[in-house]
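Comments concern the structure below.
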Amino acid sequence: MRNQFFLPGELSLVLLDLLSNRPQGGYELMGELERRFGPSYRPSPGSVYPALSALRAEELIKQESGGGKASYRVTAKGHRMLTHQRVVFARIDARRSAVQKSDATLQLVLDRFVARINNLSGRVNGAAVERILDKAAKAVANLE
């Protein structure tokens with residue numbers, strides 16, 4: 001299980017920033033969040049739509065209807081808000097970079113492990129390797 005990626009208030013700012021590029025719908029925004037912050041952060045309607053509602057209540061975005069679905073765009077007030085939040089975006093970017101670097105380092109370790117196991121193919125009992133993997137996964141989970 002992943003820890004919470006965004007600190008309180010950050011998701012709303014990220015959504016506001018994404019909308020400053022172009023009007024988007026909720027599911028488009030979730031896709032963009034997934035592309036930018038996955039796999040560290042997995043957006044859900046239960047987090048994105050309340051954040052959009054809060055942005056609307058603060059009059060930082062407006063909801064527009066057209067073509068059978070709603071989209072959101074940033075208001076002038078929202079654009080002004082964004083100009084004062086660059087420090088927050090710098091923190092989010094630093095966190096994202098650190099997580100991506102950590103994930104990449106872990107992937108290298110896993111790739112080496114798989115290569116070693118593949119070299120033993122046919123010479124070891126698969127069920128025994130499976131038990132070892134289960135124990136290793138539990139040990140890694142205890143590191144959190």
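One residue is enough: does region 63-80 have a residue meeting the conditions of a type in the set (Ser, Thr, Tyr), assigned to a helix (DSSP H, G or I), out of contact with any helix residue (DSSP H, G or I) (no Cβ under 6 Å at 6 or more places or on another chain) and modelled with pLDDT of 85 or more?
No: zero hits.
Within region 35-61, restricting attention to residues that are open to solvent by less than 70 Å² (accessible area, probe 1.4 Å) and within 8 Å of the chain's Cα centre (by Cα), which residue is modelled with the highest pLDDT?
It comes out as PRO43.
It is to be established whether one or more residues within region 40-54 are farther than 16 Å from GLU10 by Cβ and among the β-branched types (Val, Ile, Thr).
No, region 40-54 contains no residue that is farther than 16 Å from GLU10 by Cβ and among the β-branched types (Val, Ile, Thr).
Please count how many residues of region 112-140 are closer than 30 Å to PHE37 by Cβ, open to solvent by less than 80 Å² (accessible area, probe 1.4 Å) and at pLDDT below 75.
2
Could you list all residues from region 62-93 that are touching a strand residue (DSSP E or B) at 6+ places or on another chain (Cβ under 7 Å) and open to solvent by 70 Å² or more (accessible area, probe 1.4 Å)?
LYS62, GLN63, ARG73
The values are calculated or read from the model by the stated rules, or taken from the named source; none is laboratory data. These figures come from a predicted structure and were not determined experimentally. All Cβ positions, even for glycine, are placed from backbone atoms using ideal geometry, and neighbour counts span all protein chains on display. What goes into the accessible areas is simple: the full protein's heavy atoms, side chains included, and nothing from ligands, DNA or RNA. Shrake-Rupley method; radii C 1.70, N 1.55, O 1.52, S 1.80 Å.
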